[in-house]
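Below: one structure, written as structure tokens.
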Amino acid sequence: MTAIQRHVPSTPQEVSVRPASIATVLMLALLAACASSGPRQFGQYTTLSPKVAAAPNERAPLHVNVEVAQASNVAVFLVTPGRGTLLLFPDDSAASSRVDAGSHQLATSLARRVARGDSGVLRRPSDVGGLPSRGRGGRPGGGIADTSMIGRNGFGMRSFLLVYATDQPLSYTALNDRVAALTIPAEDTEALNTVTKLIRDTTRGGAWAAFATEYAP
């Protein structure tokens, strides 16, 4: 005769542990997500302490609010992982990148374009699609601002404002050609690390720090 196997229910201890374990996993996942979406700091941050934020009530980053703990040369980029970067400040080859200690509102290269009559900058991100514009030599970006990379677009991508501060001179041409001209990794941390490294490679060393925060127009 075949033996009849009976299912033995889980003990009360087992039943009570499982929900707690699931809750713990969910909590850890939530904390990890919050940490990854928060501001990022790089370099000798306690020395220069740069910060950047978008000016309120603007559909595109025409102005950015920048703060530094001491006089520094600064560069501000709009970084879209998987796509590329826009050099927002300095906004022109003739502009100085030097700012005094304290808070400043800086006009960006997009504000300069609007002043010249380029209303396409103000289109909503969802209205713009496609690949980054091609610059000199067919390179992605090529120093030309691509408004399809502003904020969350139709492909669900997100962007970050990144400010880089240093005690060394910054070259507009080098920033435009050697940072804004390149496609960057799709993962957020890798993308931001890549951009900070590319900026560092345009300088002669010295003290530096960077700060990045998600841009949500």
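For this structure, a couple of remarks:
- Total residues in the range 93-120 satisfying the condition of being within 16 Å of Ala53 (Cα to Cα) and either exposed (fewer than 12 other Cβ atoms within 10 Å of the Cβ) or polar (S, T, N, Q) (or both): the figure is 5.
- Complete set of residues in the range 181-217 that are part of a strand (DSSP E or B) and under 10 Å from the mean Cα position of the chain (by Cα): Phe211, Ala212, Thr213, Glu214, Tyr215
- Total residues in the range 93-108 satisfying the condition of being part of a strand (DSSP E or B), aliphatic (A, V, I, L, M) and free of Cβ contacts under 8 Å to residues at least 40 places away in the same chain: the figure is 1.
- Considering only residues in the range 155-180 that are over 14 Å from the mean Cα position of the chain (by Cα) and aromatic (Phe, Trp, Tyr), the one that is surrounded by the most Cβ atoms within 10 Å (Cβ to Cβ) turns out to be Tyr172.
- The single residue among Val25, Val8 that is part of a helix (DSSP H, G or I) and either at pLDDT below 95 or closer than 25 Å to Asp188 by Cβ (or both) turns out to be Val25.
- Scanning the range 49-73 for residues that are under 15 Å from Thr108 (Cα atoms), in contact with a helix residue (DSSP H, G or I) (Cβ under 9 Å, 6 or more places away or on another chain) and either of a type in the set (Lys, Arg) or surrounded by 22 or more Cβ atoms within 10 Å (Cβ to Cβ) (or both) gives Arg59, Ala60, Pro61.
- The single condition from (1) touching a Ser or Thr at 6+ places or on another chain (Cβ under 7 Å); (2) closer than 22 Å to Leu170 by Cα; (3) modelled with pLDDT under 95 that Gly130 fails is (2).
- Tally of residues being outside any strand (DSSP E or B) and touching a residue at least 12 places away in the same chain (Cβ under 8 Å) across the range 47-92: 19
Matching residues to (1) among the hydrophobic types (A, V, I, L, M, F, W, C); (2) under 23 Å from Thr189 (Cβ atoms); (3) touching a strand residue (DSSP E or B) at 6+ places or on another chain (Cβ under 7 Å); (4) at pLDDT 95 or above:
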{"position": "Val52", "(1), (2), (3), (4)": "yes, yes, yes, yes"}
{"position": "Arg83", "(1), (2), (3), (4)": "no, yes, no, no"}
{"position": "Ser97", "(1), (2), (3), (4)": "no, no, yes, yes"}
{"position": "Asp100", "(1), (2), (3), (4)": "no, no, no, yes"}
{"position": "Ala111", "(1), (2), (3), (4)": "yes, no, yes, no"}
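The values are calculated or read from the model by the stated rules, or taken from the named source; none is laboratory data. Computed from a prediction, not measured in an experiment: that's the story for all the values here. Glycine gets a Cβ as well: all are built from the backbone with ideal geometry, and neighbour counts include every protein chain shown.
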